[in-house]
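Any read-out appearing in this document is the output of simple, stated calculations on the displayed coordinates, not a laboratory observation. Just so it is clear, the model here is predicted, and its values are computed rather than measured. Don't worry about glycine lacking a Cβ; one is built from the backbone with ideal geometry, like all the others, and counts go over all protein chains shown.
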Amino acid sequence: MSHSSTLPRYAVIGHPVAHSRSPRIHALFAAATGQALTYERLPAPLDGFARTVREFHDAGGLGLSVTVPFKLECLELAATASERAHSAGAANTLAWRGGAWFADNTDGAGLLNDFARHVGIDDRGRDVLVLGAGGAARGILGPLIAQGPRRLVIANRTPEKAAALAQLFAGRAGRGTVVSTMPFAALGGQRFDIVINSTSASLGGAASGDAMHLPPALFAPGALAYDLTYGPASAAFLGWAAREGAARCADGLGMLVEQAALQFELWRGVLPATDPVLAQLRAEIGAGQ
Ligand code: ATR
């Protein structure tokens, strides 16, 4: 038996996972914290999530990062889940605990940690616009609203989906926070301090505001534009935002690293430092790796 087969086993499961940076991130965390483990890519067929998870556990697997398109199924599959996974209605993490899978969702907390540690912004008291109402938006809305923005607007190409999410999350807003929805076209004349692109248009390279038919001048003075994707996928939206006067633009690489750190802590009981890993990944992506 090879040595590696006896190590605690983790993986990222998705469809596709070939380009996932998660194995690199968790390998860097493991090295930095002195934890011996393996972390691999686990591709699953679209109709085979539960089976692939079961086979992974039968082979000794202890934890999974769960990515597109399985985040809703992940929550359904787990025997128990964290409050934040329940409230998002989606999960990005599985941990084997006491003979069953426990699901968590670290995406929203990862975003807030990126805001606090790397971007240097806080959505408390701010006017926030979230573009998109899919799975990615679900993961971040609860934690964003809990911080107490002044106003959180969800805008989506299909307005009904934005309305459904607003209904789901508005009840969690504290006094002083207004949650509402607007069609893209109605955003004209509105100004926001933070504009977050959670649409999957980025992945198709079509997320510039022009391509999404967003009105001009959405950015208040000093505003932040943030894309949940990272690297080249975020370029269309962030390039458009910069041209539109966003004072600061950030991609979602910091969120990716922060949400992974929270997964690592759940699995291993150690919270790894994120700054060196984020710097390392930026260098690798910059070098075209
Ligand atoms: P994810 O899990 O990545 O959020 P999803 O649940 O399929 O994926 O949601 C995709 C989101 O991106 C939706 O808000 C979608 O808008 P619709 O609800 O109108 O489909 C949005 N989206 C995808 N392509 C888009 C485009 N070209 N322009 C605007 N919005 C787009």
Estimated distance in nm for a label pair at Arg24 and Glu284, the labels positioned 7 Å out from Cα along Cα-to-Cβ: 0.4
Contact order relative to length of the chain, as percent, for alpha carbon pairs under 8 angstrom and 6 or more apart: 15
Most exposed first by the Cβ proxy, i.e. fewest other Cβ within 10 Å, how do Trp267, Trp240 rank? Trp240, Trp267
Rounded to whole angstrom, the alpha-carbon centroid of the stretch 169-240 lies from that of the stretch 1-63 at a distance of 33
The ³J(HN,Hα) series, computed from each phi in the stretch 64-76 with the Karplus coefficients 6.51, -1.76 and 1.60 at θ = phi - 60°, rounded to the nearest Hz and given as x for glycine or proline, is 9, 8, 10, 10, 3, x, 9, 5, 6, 4, 4, 5, 5
Quick one: length gained pulling Ala32 to Arg124 fully straight, 0.36 nm per residue minus the C-alpha distance? 29.8 nm
Separation in nanometres of the label points that stand 7 Å from Cα toward Cβ, at Glu76 and Ala59: 2.4
Taking the chain as the reference, fit the longest principal axis to its C-alpha atoms, fit the long axis of helix 49-58 to the helix C-alpha atoms, and give the angle between the two in degrees, 0 to 90, nearest 10. 30
Principal-axis tilt of helix 159-170 within the chain, Cα atoms, nearest 10 degrees: 70
Quick check on the chain: helices-only [θ] at 222 nm, where DSSP H runs of length 4 and up contribute -39,500 (n - 2.57) each and the sum goes over total residues. Nearest 500, please. -10500 deg cm²/dmol
With viscosity set to 1.002 mPa s at 20 °C, what whole-number translational diffusion coefficient in µm²/s follows for the chain from Stokes-Einstein and a Kirkwood radius over Cα pairs? 110
Fully extended, how many nm does the chain gain between Ala100 and Glu265 (0.36 nm per residue separation, minus their Cα-Cα distance)? 57.6 nm
Once phi is turned into ³J(HN,Hα) by the Karplus curve 6.51 cos²θ - 1.76 cosθ + 1.60 with θ = phi - 60°, what whole-Hz value does each residue of the stretch 137-152 show in order, with x for glycine and proline? 5, 3, x, 9, 5, x, x, 4, 5, 4, 6, x, x, 5, 8, 10
Which residues' amide hydrogens lie under 5 Å from the amide hydrogen of Arg157, considering only partners 5 or more residues apart or on another chain, with H built in the peptide plane? Gly132
